[in-house]
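The values are calculated or read from the model by the stated rules, or taken from the named source; none is laboratory data. These numbers were taken from a predicted model, which means no experiment stands behind them. Note: ideal-geometry Cβ built from the backbone for every residue, glycine included; neighbour counts use all protein chains shown.
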Amino acid sequence: MVNHSHGLKRLSFSLLFLPIFLAGCNDDNDNTQTSTPPQPYNFVEGTIEQMQTSIKTGGITCHQVVQGYIDRINAYDKQGPTLNSVITISDTALSEADKLDAYFKQNGKLIGPMHCVTVLPKDNIDTFDMPTSAGSKALMYSQPEQDAYIIKKIRDAGGIIIGKANLDEFAFGFQGNGTHPRGGQVKNAYDLSKGPGGSSSGTGASISASFAQVGLGTDTGGSVRVPSSVEGLFGLRPSLRLVSQSGIIPLAPFQDTAGPMCRAVQDCAILMDQMTGYDSSSFSNQRSSFEINAPLVNGSIAYQTMTNIPSSYTSALNKDALKGAHIGVVRALFGTTDSTEIQLVNNTIDNAIAQLKAAGATVDDVTIEDLNAILTNYRSVSAFEFKTSLTKYLQSWSNVKDHHYLSYDEVLASGEARSNFNAYNIDLSAESVLAEYKKNTEQRPNFVRTRLNSALDNKTLDGVSKGAAYDVLLYPTIQGLPSVLGGTPTTGTNNRLSPFSGFPAMNVPAGMVTTAAGLPRVPVGMEILGREFAEPTLFKIAYAWQQYAQPRHAPLNTPELKKVN
């Protein structure tokens, strides 16, 4: 058996003695009770700051916060619009909230930067107190013994895992089929006849519908950014090697990463503070370089040197950051057909570009050398890695208590996995398979990284400057709009740039469109891509855009619940 070496056995809340980790917080100002009149909290589009301000001023308790989100899930996910975005609701979330209320009452301050922040992780991320199903009947009762590294950090900072979100089975697809036997078909929060994107479909729909304050998705090829695009969220695929993958069901470890999905940029920044950090687990995937055979980083100092993580990602948030920003638009990644959907997407992003310029940014068209070769000559490595990596994951804890399957072969033999599970049953020793795998793990990273860095640096491949460097590259996240329910949206291949390079990319809402009068308006997303470990730059640009354009609008299908006296 393989054991997680980070030892993430969650300790119970012993709030009187729990060490306080207040990264980015100051006990002498915004973390203490004030004489400010009680501030109300609105659940629809509510932010972390608004919720914590309401708690500190006596406007709401943590128990009421958690109960309010559970009420919304029951009202809109399980009946009414029936978004089917949440698989499991935590049995302990309210008791955890009560302990946080008791701590605040006794100490007069919040326990940490995520005090009472409700989090909905995709159900391929381990929680010690809820099953991790991967959206499959095969793992419906699979109960890991430990939290994933990122879940433990969130809980230690005061966060509450309120439940688990639906997903494409084993995170295989973009379409968001919602194949979980209890989860059902996830719907788009804006248009119930449309799909939510995938594979983080449940996270996207639930966070857009304000069923929690923030969500966690995973992204191998586009599975954070695609649902974020069609659900109007800020969704970040972080740099590879930045976020530990320990305790997350793998699809392709060479490309996998977890990422935050939020209605507000500042909430994603707060969440990212807890998602990063050195993890000594052999499952962390925190390699010392982008080469596939590179050893894991040797300690927290080496990790910090490699990633240059700021004390808090919130330090990058500046509403005036578009003034002087330099943005490169990749026109070759815009859709080129005459379809109404593609033209709506292009027009919406062109309008956003005009607003970026009006806000003070310099925006130029940029060429990525050999772009067609990047997008067509290479492929995802999930077909090569899933079979072996799933087995390693399933063997990372004993099945004596939960009787979970211990290998890919056992899951396959059970007949309980659907989707295209059998497609991953390939001979990994075949010469042609090994050659293709080597091409995409040894040749691809350097080829893609070199060309993206040249585009960002605004230089030719031989190093000749063409002008000032760009902060980010910008292009449509997907080229079309949400698909019909159960279908696949017109994504294009834009989502490949980030996983093929290991560079971070964030979906940013660009605007809202409708295909005909009387039909629901749906979001259009644009992706910004930056240099490796340049997450602060992405947060800076996205936050300034959010504050300037206010591009996100709440879905109409899940309004504020009426208060009961």
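Keeping to the stretch 493-531, report how many residues are out of contact with any Phe, Trp or Tyr (no Cβ under 9 Å at 6 or more places or on another chain) and either of a type in the set (Asp, Glu) or surrounded by fewer than 24 Cβ atoms within 10 Å (Cβ to Cβ) (or both).
So the count comes out to 9.
With the requirement that a residue be among the aliphatic types (A, V, I, L, M) and surrounded by fewer than 19 Cβ atoms within 10 Å (Cβ to Cβ), what does the stretch 376-385 give you?
Kept after step one, since they are among the aliphatic types (A, V, I, L, M), are these residues of the stretch 376-385: 381, 383.
The answer is Ala383, and nothing else.
On the given criteria, is Ala258 over 16 Å from the mean Cα position of the chain (by Cα) and either surrounded by fewer than 24 Cβ atoms within 10 Å (Cβ to Cβ) or not β-branched (Val, Ile, Thr) (or both)?
Numbers: over 16 Å from the mean Cα position of the chain (by Cα): no; either surrounded by fewer than 24 Cβ atoms within 10 Å (Cβ to Cβ) or not β-branched (Val, Ile, Thr) (or both): yes.
So Ala258 fails the test.
Looking only at the stretch 328-336, decide whether some residue is within 30 Å of Phe283 (Cβ to Cβ) and out of contact with any Ser or Thr (no Cβ under 7 Å at 6 or more places or on another chain). Outline the logic, then answer.
Applying the first criterion (within 30 Å of Phe283 (Cβ to Cβ)) to the stretch 328-336 yields none.
No, the stretch 328-336 contains no residue that is within 30 Å of Phe283 (Cβ to Cβ) and out of contact with any Ser or Thr (no Cβ under 7 Å at 6 or more places or on another chain).
I'd like to know if the stretch 475-494 contains one or more residues that are assigned to a loop (DSSP other than H, G, I, E, B), more than 22 Å from Phe172 (Cα to Cα) and in contact with a helix residue (DSSP H, G or I) (Cβ under 8 Å, 6 or more places away or on another chain).
Here is the first cut: in the stretch 475-494, the residues assigned to a loop (DSSP other than H, G, I, E, B) are 477-483, 485-493.
Keeping just the survivors that are more than 22 Å from Phe172 (Cα to Cα) gives none.
Scanning the stretch 475-494, I find no residue that is assigned to a loop (DSSP other than H, G, I, E, B), more than 22 Å from Phe172 (Cα to Cα) and in contact with a helix residue (DSSP H, G or I) (Cβ under 8 Å, 6 or more places away or on another chain), so the answer is no.
Output the residues belonging to the stretch 251-272 that are among the β-branched types (Val, Ile, Thr) and in contact with a strand residue (DSSP E or B) (Cβ under 7 Å, 6 or more places away or on another chain).
Thr257, Val265
Quick one: count up the residues across the stretch 411-442 that are in a helix (DSSP H, G or I) and surrounded by fewer than 15 Cβ atoms within 10 Å (Cβ to Cβ).
Filtering the stretch 411-442 down to residues in a helix (DSSP H, G or I) leaves 411-414, 421-424, 431-442.
Still in the running and surrounded by fewer than 15 Cβ atoms within 10 Å (Cβ to Cβ): 413-414, 422-423, 431-435, 438, 442.
Qualifying residue count for the region: 11.
Of the conditions (1) surrounded by fewer than 16 Cβ atoms within 10 Å (Cβ to Cβ); (2) of a type outside the set (Phe, Trp, Tyr); (3) part of a loop (DSSP other than H, G, I, E, B), Leu322 fails just one. Which one is it?
Of (1) surrounded by fewer than 16 Cβ atoms within 10 Å (Cβ to Cβ); (2) of a type outside the set (Phe, Trp, Tyr); (3) part of a loop (DSSP other than H, G, I, E, B), only one is false for Leu322: (1).
Collect the residues in the stretch 464-492 that are surrounded by 19 or more Cβ atoms within 10 Å (Cβ to Cβ), under 22 Å from Leu519 (Cα atoms) and not β-branched (Val, Ile, Thr), keeping them in residue-number order. Can you show your working first?
Filtering the stretch 464-492 for residues surrounded by 19 or more Cβ atoms within 10 Å (Cβ to Cβ) gives 470-483, 485, 489, 491-492.
Next, from what is left, pick out any that are under 22 Å from Leu519 (Cα atoms): 478-483, 485, 489, 491.
Of everything in the stretch 464-492, those that are surrounded by 19 or more Cβ atoms within 10 Å (Cβ to Cβ), under 22 Å from Leu519 (Cα atoms) and not β-branched (Val, Ile, Thr) turn out to be Gln479, Gly480, Leu481, Pro482, Ser483, Leu485, Pro489.
If we scan the stretch 230-252, do we find a residue that is under 27 Å from Asn425 (Cα atoms), touching a helix residue (DSSP H, G or I) at 6+ places or on another chain (Cβ under 7 Å), surrounded by 24 or more Cβ atoms within 10 Å (Cβ to Cβ) and among the hydrophobic types (A, V, I, L, M, F, W, C)?
Yes: the stretch 230-252 contains one or more residues that are under 27 Å from Asn425 (Cα atoms), touching a helix residue (DSSP H, G or I) at 6+ places or on another chain (Cβ under 7 Å), surrounded by 24 or more Cβ atoms within 10 Å (Cβ to Cβ) and among the hydrophobic types (A, V, I, L, M, F, W, C).
Can you find, within the stretch 72-122, the residue that is nearest to Ala189 (Cα to Cα) among those that are assigned to a loop (DSSP other than H, G, I, E, B) and over 25 Å from the mean Cα position of the chain (by Cα)? Steps first, answer last, please.
Going residue by residue through the stretch 72-122, those that are assigned to a loop (DSSP other than H, G, I, E, B) are 78-85, 90-92, 108, 110-117.
Okay, now just the ones that are also over 25 Å from the mean Cα position of the chain (by Cα), so 79-80, 108, 110.
Details: Gln79: 13, Gly80: 12, Gly108: 38, Leu110: 32 Å.
Across the stretch 72-122, the extreme among qualifying residues is Gly80.
Determine, yes or no, whether Thr388 is surrounded by fewer than 16 Cβ atoms within 10 Å (Cβ to Cβ), free of Cβ contacts under 8 Å to residues at least 60 places away in the same chain and either more than 26 Å from the chain's Cα centre (by Cα) or in a loop (DSSP other than H, G, I, E, B) (or both). Show your work before the answer.
Details: surrounded by fewer than 16 Cβ atoms within 10 Å (Cβ to Cβ): yes; free of Cβ contacts under 8 Å to residues at least 60 places away in the same chain: yes; either more than 26 Å from the chain's Cα centre (by Cα) or in a loop (DSSP other than H, G, I, E, B) (or both): no.
No: the conditions fail for Thr388.
With respect to Asp364, is the statement that it is in contact with a helix residue (DSSP H, G or I) (Cβ under 9 Å, 6 or more places away or on another chain) and among the charged types (D, E, K, R) true? Give the derivation first.
Details: in contact with a helix residue (DSSP H, G or I) (Cβ under 9 Å, 6 or more places away or on another chain): no; among the charged types (D, E, K, R): yes.
No.
Taking the condition out of contact with any Asp or Glu (no Cβ under 7 Å at 6 or more places or on another chain), under 23 Å from Ser498 (Cα atoms) and part of a helix (DSSP H, G or I), does Ala383 pass? Even if it seems obvious, please write down each step before you answer.
Details: out of contact with any Asp or Glu (no Cβ under 7 Å at 6 or more places or on another chain): yes; under 23 Å from Ser498 (Cα atoms): yes; part of a helix (DSSP H, G or I): yes.
When the stated conditions are applied, Ala383 passes them.
Restricting attention to the stretch 36-71, and to residues there that are outside any helix (DSSP H, G or I) and in contact (Cβ under 8 Å) with a residue 60 or more places away in the chain, which single residue is nearest to Ala93 (Cα to Cα)?
Filtering first and then ranking leaves Phe43.
Working carefully through the options Leu120, Leu139, Leu167, find the one that is touching a residue at least 12 places away in the same chain (Cβ under 8 Å), of a type in the set (A, V, I, L, M), buried (at least 24 other Cβ atoms within 10 Å of the Cβ) and farther than 21 Å from Phe211 by Cβ. Quick ask: steps written out before the conclusion?
Working: Leu120 fails: farther than 21 Å from Phe211 by Cβ; Leu167 fails: farther than 21 Å from Phe211 by Cβ.
Residue meeting the stated conditions: Leu139.
Just to be sure, is Leu94 touching a helix residue (DSSP H, G or I) at 6+ places or on another chain (Cβ under 7 Å), at pLDDT 95 or above and buried (at least 19 other Cβ atoms within 10 Å of the Cβ)? Step through it out loud before you land on a result.
Numbers: touching a helix residue (DSSP H, G or I) at 6+ places or on another chain (Cβ under 7 Å): yes; at pLDDT 95 or above: yes; buried (at least 19 other Cβ atoms within 10 Å of the Cβ): no.
In short, no.
Got a number for residues in the stretch 341-360 being touching a residue at least 60 places away in the same chain (Cβ under 8 Å) and either among the aliphatic types (A, V, I, L, M) or over 16 Å from Thr515 (Cα atoms) (or both)?
10
Hey, among Thr218, Thr203, which residue is assigned to a strand (DSSP E or B) and within 18 Å of Pro131 (Cβ to Cβ)? Even if it seems obvious, please write down each step before you answer.
Details: Thr203 fails: assigned to a strand (DSSP E or B).
Testing whether each residue is assigned to a strand (DSSP E or B) and within 18 Å of Pro131 (Cβ to Cβ) leaves just Thr218.
Which ones in the stretch 270-314 are part of a loop (DSSP other than H, G, I, E, B) and of a type in the set (Val, Ile, Thr)?
Ile292, Val297, Ile309, listed by residue number.
Out of (1) surrounded by fewer than 24 Cβ atoms within 10 Å (Cβ to Cβ); (2) in contact with a Pro (Cβ under 8 Å, 6 or more places away or on another chain), what's the single condition that is false for Gln185?
Gln185 satisfies every listed condition except (2).
Could you give me the residue pairs with C-beta distances under 9 Å whose first residue belongs to the stretch 326-340 and is at pLDDT 95 or above, whose second residue is outside any loop (DSSP other than H, G, I, E, B) and hydroxyl-bearing (Ser, Thr, Tyr) wherever it lies, and which are 6+ apart or on separate chains?
Partner pairs satisfying both residue conditions: His326/Thr362; Ile327/Thr362; Val329/Tyr475; Val330/Tyr475; Arg331/Tyr475; Ala332/Tyr475; Leu333/Tyr475; Phe334/Tyr475.
Looking for something polar (S, T, N, Q) and more than 24 Å from Pro196 (Cα to Cα) - is there at least one such residue anywhere in the stretch 62-79? Show your work before the answer.
Within the stretch 62-79, the first condition is being polar (S, T, N, Q), and the residues that meet it are 64, 67, 74, 79.
Within this subset, residues satisfying the condition of being more than 24 Å from Pro196 (Cα to Cα) are 64, 67.
There is at least one residue in the stretch 62-79 that is polar (S, T, N, Q) and more than 24 Å from Pro196 (Cα to Cα).
Give me the residue from the stretch 123-145 that is among the aliphatic types (A, V, I, L, M) and assigned to a strand (DSSP E or B) and, out of that set, nearest to the chain's Cα centre (by Cα). Write out each step before concluding.
Within the stretch 123-145, the subset among the aliphatic types (A, V, I, L, M) is 125, 130, 134, 138-140.
After this cut, where a residue has to be assigned to a strand (DSSP E or B) as well, the list is 125, 130.
On the way: Ile125: 12, Met130: 20 Å.
Ranking the qualifying residues of the stretch 123-145, first place goes to Ile125.
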